[in-house]
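The values are calculated or read from the model by the stated rules, or taken from the named source; none is laboratory data. Keep in mind that what you see is a predicted model, and the values were worked out from it rather than measured. When we count neighbours, we look across all protein chains shown, and the Cβ atoms used for this are built from the backbone with ideal geometry, even at glycine. Side chains included, ligands, DNA and RNA excluded: accessible areas come from the protein's heavy atoms. Shrake-Rupley method; radii C 1.70, N 1.55, O 1.52, S 1.80 Å.
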Amino acid sequence: MTPPGAILRLEYLPVSRLSQPAPDGEPGALGGVCFFHPAIADDGAQLPLLSVDMPLLEGGEPICEVWSSQEALRSGRHHGIRYRQGETLLFGCLTLDEATQLHLRDGRTPLQAATQAAYEAIFELLESLGYNAILRFWNYFPAINAVSHHLERYLQFNIGRQDAFLSHGRGVIGNVPAACALGSTGAALQIAFLAVRAEPLAIENPRQISAYHYPSQYGPRSPTFSRASLVKLHGRNLLFISGTASIVGHQTLHAGDAQAQTRESLHNVAAVVAEANRRAPGAGLELRDLAYKVYIRHPRDLVSVRQEMMKFIGTPVSAVFLQADICRADLLLEIDACGGHAISPG
Ligand code: 3EB
């Protein structure tokens, strides 16, 4: 499954082309995220593969985003987390049922408590294994825009996430990981993460207020993520851009216009890439070399979003299009991007 030679490689594979993971001690797949609708059970798998219930907009077979490495790898488990690690990199994932958090009497909502428990378990694992930094979190949970317990669920998630950072003595501004948070069609909170034994740089977007400084109109606690993580491994600059939307300053622009939101989001991605190149002179990161994952709220917007992307970036673009709810009700799409590592066409 893995062409040799790269510290980190990203591949998009149809489920039928997933191979068995290599034995411990060999290079190969670290893990990844598969997008199905409806999702399949994934807990028995050897490899830490998260099975997320999220429809692919272009049809076809369910697809897996698989990270692999030339490092000698081994697998493990910690609480509900499945992970696979090498000397430098660790990929992990977990699925947590909110219902198991019911009957709390401490004022926390089930989603808030599940989020906090998940992040605390992840931090515990990474501290015990000596992976000081997290490059990227992928967060998926159902009904992200729904209100329960008098609070939108994305805002409940933000409280639980921030409390976990604080309880582990981690800062919640400045040097925080890149992330995305999307509404799935599934039933549980699902988190995947990529951690590293290195010192990544957190990158911000000059066009946007840092998310951790969003004003309180967006919720009682600011979201804890940076606009991108940049890390140099084996002489290569790897860039992990957070979910990027049509937000300038802290405000959503172009409500109701998917085409304009796509352009604005891509201007933001371009600004983050420029900032990364400024912080790492010689990195030479370019929009056309990145791998994109595009989350679109309404399937009817697929054609215009894809067209705008091609226009902005040029062709061919490596992009996967998924149907998901975005964390603000007025956002119609969000764009993930990463690059600098090896990318195999799916
Ligand atoms: C935004 O820029 C859009 O809460 O982890 C983007 C990336 C967004 C990550 C997160 C949220 C998150 O605020 C939403």
Taking θ = phi - 60°, what integer Hz values does the Karplus form 6.51 cos²θ - 1.76 cosθ + 1.60 yield along region 265-280, in sequence order, with x for Gly and Pro?
4, 6, 4, 5, 4, 4, 5, 5, 4, 4, 5, 5, 5, 5, 6, 10
Relative contact order (percent, whole number), the chain, Cα cutoff 8 Å, 6+ residue spacing
17
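Can you tell me how much longer the chain between Glu26 and Ala143 gets when fully stretched, taken as 0.36 nm per residue apart minus their C-alpha distance, in nm with one decimal? Provide the component values of the computation, followed by the final result.
On the way: separation 117, 0.36 × 117 = 42.12 nm, distance 3.97 nm.
Between Glu26 and Ala143, full extension yields 38.2 nm more.
Would you work out what percent of the accessible area of region 277-333, with all protein chains in place, is carbon or sulfur (probe 1.4 Å)? Walk me through the numbers before you get to the answer.
Working: 1300 of 2640 Å².
On region 277-333, the fraction of accessible area on carbon and sulfur atoms equals 49 percent.
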Residue-wise HN-Hα coupling along region 333-341, computed from phi with Karplus coefficients 6.51, -1.76, 1.60 (Hz; x: Gly, Pro):
7, 8, 10, 9, 8, 8, x, x, 8
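If Lys311, Lys293 are ordered by their accessible area, calculated over protein heavy atoms with a 1.4 Å probe, which sequence runs from highest to lowest?
Lys311, Lys293
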Test of understanding: in a Gaussian network model of the chain with alpha carbons linked when under 10 Å, which of Arg227, Arg153, Arg288 would top the mean-square fluctuation ranking?
Arg288
Which residues qualify? For Val248, with a placed amide H closer than 5 Å and at least 5 residues away or on another chain, they are Leu253
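Beyond 24 Å, what percent of the Cα pairs of the chain remain? The partial results should precede the final answer.
Working: 31238 of 59685 pairs.
Counting pairs separated by more than 24 Å, the tail of P(r) holds 52 percent.
For region 296-346, what is Rg from Cα atoms divided by 2.2 N^0.38 Å, rounded to two decimals? Spell out each step's value before the answer.
Numbers: Rg = 12.3 Å, N = 51, 2.2 N^0.38 = 9.8 Å.
Normalised Rg, Cα atoms only: 1.25.
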If amide hydrogens are placed 1.01 Å from N in the peptide plane, which non-local residues have theirs closer than 5 Å to the one on Ser242?
Ala179, Ala228, Ser229
Please report, in debye to the nearest 20, how large the charge dipole of the chain is about its Cα centre when each Lys and Arg carries +1 at its beta carbon and each Asp and Glu carries -1 there.
540
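Could you tell me what percent of the DSSP beta bridges with both partners in the chain are antiparallel, to the nearest 5?
Values: 62 of 85 bridges.
Bridges in the chain are about 75 percent antiparallel.
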Using only helices, what value at 222 nm comes out for the chain when you add -39,500 (n - 2.57) per DSSP H run of length 4 or more and divide by the total residues, to the nearest 500 deg cm²/dmol?
-6500 deg cm²/dmol
Could you give me the ³J(HN,Hα) list for region 239-252, computed from phi with Karplus coefficients 6.51, -1.76, 1.60 and θ = phi - 60°, whole Hz, x at Gly and Pro?
10, 10, 8, 5, x, 10, 10, 7, 10, 10, x, 10, 9, 5
Alpha carbon centre of region 100-172 versus region 179-219: separation in Å?
12
